[in-house]
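Here's the structure we're looking at; comments come further down.
Every read-out reported here was derived from the displayed coordinates using simple, explicitly stated rules and does not represent laboratory data. Worth saying up front: this structure is predicted, and the values here are computed from it rather than measured. Neighbour counts are summed over all protein chains in view; Cβ atoms, including those assigned to glycine, are modelled from backbone coordinates with ideal geometry.
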Amino acid sequence: MAERRHGAPAPPTETTIRSADWDGREISGEIHHRVLFQDVDMTELVDHGSSFEECQFRNVRFNVSTHTDARFLNCVFSRCSLFDATFESCKLTGSVFEGCTFGLLKVEGGDWSYVGLAGADLRGSAFRGVRLREADLSGVRLEGAELRRADLSGAWLREADLTRCDLRGSDLSTLDPREVTLAGAIIDPFQATVVAGALGFDVRD
């Protein structure tokens, strides 16, 4: 069973949806609480404002799905595929991803605070204007990805690979450049001052 960053176990599920075909479905405002989704095909699902709270998704295919104003609160995603999935203005506070694939994932706005993405391969993904406060991003691979205008205050980034990652506009105040790979990362002038200060430079005009 997955554990949160601070050690709290995932809550138990109470009902199960197994091997269902939601491919191409359009849902709006649905509410699911403590549901286990097992081997469900959500490819090209269009989701408007649905709520999934304390749910578990195991081997669920979210490929090319679109989620707008949806809520996935304290959920666990295990061995799921999120290729080319889009999350716009969604709230995923406290959710954990384990062994998932993410190619071309797109996240626009929303609140992903306290999310567990440790070790995730997010190469080529795009996170824009997302709140990632105290998210566990340790060991993530973000080579060539976008992490722009993101609130990373308190986020764990130890051993993250940010090679060629576009970080412009993001909060890097808690980033320790000695603990991450930053080769070719794109930052703005203000961030350059923050990084220089973290390395012990005395920055002056």
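Please compute the contact order of the chain in relative form: average sequence separation of alpha-carbon pairs under 8 Å and at least six residues apart, divided by the residue count, as a percent. Intermediate results must be reported in sequence, preceding the final value.
Working: 664 pairs, mean separation 21.5, N = 205.
Computed over the chain, the figure is 10 percent.
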With the Cα gyration tensor of the range 14-101 giving a ≥ b ≥ c as the square roots of its eigenvalues, does the rule (a/c under 1.5 for rounded; else a/b larger than b/c for prolate; else oblate) give rounded, prolate or oblate? rounded
Assign one of three labels to the range 80-135, namely rounded, prolate or oblate, based on the Cα gyration tensor with a ≥ b ≥ c the square roots of its eigenvalues; rounded applies when a/c is under 1.5, prolate when it is not and a/b is larger than b/c, and oblate otherwise. oblate
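Using only helices, what value at 222 nm comes out for the chain when you add -39,500 (n - 2.57) per DSSP H run of length 4 or more and divide by the total residues, to the nearest 500 deg cm²/dmol? Could you put the intermediate results ahead of the total?
Numbers: 1 runs with 10 residues, N = 205.
Computed ellipticity for the chain at 222 nm equals -1500 deg cm²/dmol.
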Other-chain or far-sequence residues with amide H under 5 Å of LEU92's (modelled H): PHE72, ASP111, TRP112, SER113
Roughly what angle does helix 189-198 make with the longest principal axis of the chain, taking Cα atoms, 0 to 90 degrees, to the nearest 10? 80 degrees
Count neighbours as other Cβ atoms within 10 Å of each site's Cβ, and list the trypsin sites (Lys or Arg not before Pro) in the range 167-205 that are DSSP loop with at most 12 such neighbours. ARG178, ARG204
Measure out, as a whole number of angstrom, how far apart the alpha-carbon centroids of the range 135-166 and the range 64-89 sit. 19 Å
Anyone know which of ARG25, ARG133, ARG79 comes out most mobile in the 10 Å Cα GNM of the chain? ARG25
Kirkwood Rh over Cα pairs of the range 63-168 into Stokes-Einstein at 37 °C, 0.692 mPa s: D in µm²/s? 249 µm²/s
